[in-house]
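Bear in mind that the values in this text are calculations on the coordinates, not laboratory data. Just so you know, these numbers come straight off a predicted model, no measurement behind them.
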Amino acid sequence: MPCFSCGARQTDPVRGVSPWKRGVRRETQVLICPDCQRAHDLDLDTCATCGSVALICRLGEVECRSCGAVRLARAGRPAPAGNTAVPGGSGAPGLADEVQAALERVLGRTR
Ligand SMILES: [Zn+2]
Ligand SMILES: [Zn+2]
């Protein structure tokens, strides 16, 4: 996966900790190269609880690696404006419904 901001590709993995960071932007998991980490306008999603950008986006969930808070992602819904979705995207037709159902459970709309 290339850097979401400048498109650079991760070079040979160095032993130990990679200087690349993972983050979540618009509820999409992204990688940030060491250069772009110095920028302050990365527009990354932050944890609603602690404000950290160390988030992981998994299927339908965004988890904070700093405080462990988990929230549901809205991803999977069709974007209302700017329909730039990749055709055939995730290839999981049932996922959007699942996320929707989970959201409604959280929002307390159970019948
Ligand atoms: Zn970059
Ligand atoms: Zn947090």
So which residues in the range 37-62 are among the polar types (S, T, N, Q) and in a loop (DSSP other than H, G, I, E, B), if there are any at all?
T46, T49, S52
Which ones in the range 1-32 are hydrophobic (A, V, I, L, M, F, W, C) and over 22 Å from T46 (Cα atoms)?
A8, V14, V17
